[in-house]
Amino acid sequence: MTDAVKSLRKRKAKGPFSDELIDQLLSQAQGKDARSLLGESGVVGQLKKQLAERMLSAELTHHLDHEAAVAGDGAGVPGNHRNGTTPKTVLTPEGALPLDIPRDRLSTFEPQLVAKYQRRLPGFDDRVIGLYARGMTVREIQGHLLEIYGLEVAPQLVSSITDEVLAEVAQWQARALEALYPIVYFDALRLKIRDEGAVKNKAVYLALGIDVSGRKEVLGLWIEHTEGAKFWLKVFTDLKHRGVADILVAVVDGLRGFPEAIEAVFPRTQIQTCIVHLIRNSLNHVSWKYRKALAAELKSIYQAANADAAEAALSAFEHSPWGVKYPPIAQAWRRQWVQVIPFFAYPPEVRRILYTTNAIESLHMRLRKIVKNRGHFPSDEAATKLLFLALRNISKKWNMPQHNWKEAANQFAIVFGERFTASAI
């Protein structure tokens, strides 16, 4: 065994750096605090600088040796050699790193570790995008980088980094989807967005699908530019083009134009009105001190054993003192009764999945926490960009199927037959 191999094995056993080097670094750290030791201007920063410059120097050596070998065959340009260094500061996830980039006389050297015109090392952009995804504005990110890392970054740089996400957003919005989604929840999030020189309240609609395995997936987001059936026809046509062949149950909140549009694209889909929304809208008609009593009266309707029993309970409520005093409540239930009763075909375990849009409302609550610091968005693209990044972070935790999904899947197999079982196999 050669001495070189013995030395290499000894080095691997101890780590990438020798004990002598570690001792030398420790001697330089005597009496220094953690910031001066671990910061980019401290001992560790100097080590990173020297290591990077040593690697760049090795790259240049390899480049010159290769050119010399080619020139020896009479095919290259002879006479190239080292020609000093050029100072350059690159941004890293931990702060600014000043480097002396070696150069050659003929300017044929193309470094790989830090490429020409590269000002940000891998990881820096991800750090900025991560801060943006958590709701920080461009100015807040600028201040955070200055305070924590001592980096003076222009707001335009932060904007350009986050704008790189738009291509990923377009790809995500056009990605292929599953052929069947047993349940899809549709609901809107209201945002203030500047449009044609004025700040407008716009509805950003999300479609949250439950696939055949019971797992959640955001199918897409759309900013409403037209109203009613035309808008929903565009949404459903988009889902159809992306591969969705069937939706068993669509859970919505009485959205205008929704039934007509979904019938045109997915004619066999059941429409289920969100019962929780109906209850909330009903409670809005009474003062706070009567809400608990009214909510108890409404339970007899949506907790009925079947649709006929629910109809009888609604009629009884309509002629009760509550119904006589507040007639708009029963009228609202009557208007949407066709979309209220589908969930009565299922047992209680499955009803809890179908009669509420709590799954998507929980998602909206988390999104509102992220966008609450924004007075308004400068454009539709800016709103879409932030919502996409937030959704990407939230969906990373969606690893488990819905509660009671096995019971729901068995019921879907009975009610919908091959429409469900063909995709579940």
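The values are calculated or read from the model by the stated rules, or taken from the named source; none is laboratory data. Nothing here was measured: the structure is a model prediction, and the numbers come from that model. So basically every Cβ, Gly included, is an ideal-geometry build from the backbone, and we count neighbours across all protein chains shown. The area values use the complete protein model at the heavy-atom level, side chains included, leaving out ligands, DNA and RNA. Shrake-Rupley method; radii C 1.70, N 1.55, O 1.52, S 1.80 Å.
Limited to segment 384-397, what total is found for residues that are basic (Lys, Arg), in contact with a helix residue (DSSP H, G or I) (Cβ under 9 Å, 6 or more places away or on another chain) and open to solvent by 40 Å² or more (accessible area, probe 1.4 Å)?
1
When Met400 is evaluated against the numbered criteria (1) open to solvent by less than 70 Å² (accessible area, probe 1.4 Å); (2) modelled with pLDDT of 85 or more; (3) more than 26 Å from Phe258 (Cβ to Cβ); (4) part of a loop (DSSP other than H, G, I, E, B), which criterion, by number, is the only one it fails?
(1)
For segment 171-192, which positions are part of a loop (DSSP other than H, G, I, E, B) and hydroxyl-bearing (Ser, Thr, Tyr)? Explain how you work it out, then say what you get.
Our first condition is that a residue be part of a loop (DSSP other than H, G, I, E, B); within segment 171-192, this holds for 174-179.
Across segment 171-192, there are no qualifying residues.
Is there any pair with a first residue in segment 176-192 that is more than 16 Å from Gly254 (Cβ to Cβ) and of a type in the set (Phe, Trp, Tyr) and a second that is open to solvent by 10 Å² or more (accessible area, probe 1.4 Å) and in a loop (DSSP other than H, G, I, E, B) whose Cβ atoms are under 9 Å apart and which are 6 or more apart or on different chains, and what are they?
Pairs that qualify, where the first residue is more than 16 Å from Gly254 (Cβ to Cβ) and of a type in the set (Phe, Trp, Tyr) and the partner is open to solvent by 10 Å² or more (accessible area, probe 1.4 Å) and in a loop (DSSP other than H, G, I, E, B), are Tyr181/Asp211; Tyr181/Val212.
Among the candidates Glu381, Glu407, Glu361, single out the residue that is open to solvent by 70 Å² or more (accessible area, probe 1.4 Å) and farther than 23 Å from Ala174 by Cα.
Glu407
Working only within segment 335-346, note down all residues that are part of a helix (DSSP H, G or I) and not β-branched (Val, Ile, Thr).
Within segment 335-346, Arg335, Trp337, Gln339, Pro342, Phe343, Phe344, Ala345 meet the criteria.
Please report, ordered by residue number, the helices (runs of 4 or more DSSP H) entirely within segment 276-334 with at least 3 residues that are more than 23 Å from Phe186 (Cβ to Cβ) and within 40 Å of the chain's Cα centre (by Cα). Steps first, answer last, please.
On the way: elements: 291-302, 307-318, 321-325.
Because the criterion is at least 3 residues that are more than 23 Å from Phe186 (Cβ to Cβ) and within 40 Å of the chain's Cα centre (by Cα), the helices (runs of 4 or more DSSP H) in segment 276-334 that meet it are 291-302.
Can we say Glu168 is under 25 Å from Trp405 (Cβ atoms) and either assigned to a helix (DSSP H, G or I) or open to solvent by 60 Å² or more (accessible area, probe 1.4 Å) (or both)?
Working: under 25 Å from Trp405 (Cβ atoms): no; either assigned to a helix (DSSP H, G or I) or open to solvent by 60 Å² or more (accessible area, probe 1.4 Å) (or both): yes.
So Glu168 fails the test.
Return yes or no: is Ile193 closer than 24 Å to Asn373 by Cα, touching a strand residue (DSSP E or B) at 6+ places or on another chain (Cβ under 9 Å) and crowded, with 20+ Cβ neighbours inside 10 Å?
Considered against the rule, which asks whether it is closer than 24 Å to Asn373 by Cα, touching a strand residue (DSSP E or B) at 6+ places or on another chain (Cβ under 9 Å) and crowded, with 20+ Cβ neighbours inside 10 Å, Ile193 comes out as yes.
Look at segment 230-265 and say how many of its residues are part of a helix (DSSP H, G or I), in contact (Cβ under 8 Å) with a residue 60 or more places away in the chain and more than 21 Å from Ala176 (Cα to Cα).
2
Just checking, how many residues over segment 312-347 are of a type outside the set (A, V, I, L, M), buried (at least 17 other Cβ atoms within 10 Å of the Cβ) and free of Cβ contacts under 8 Å to residues at least 40 places away in the same chain?
Here the count works out to 3.
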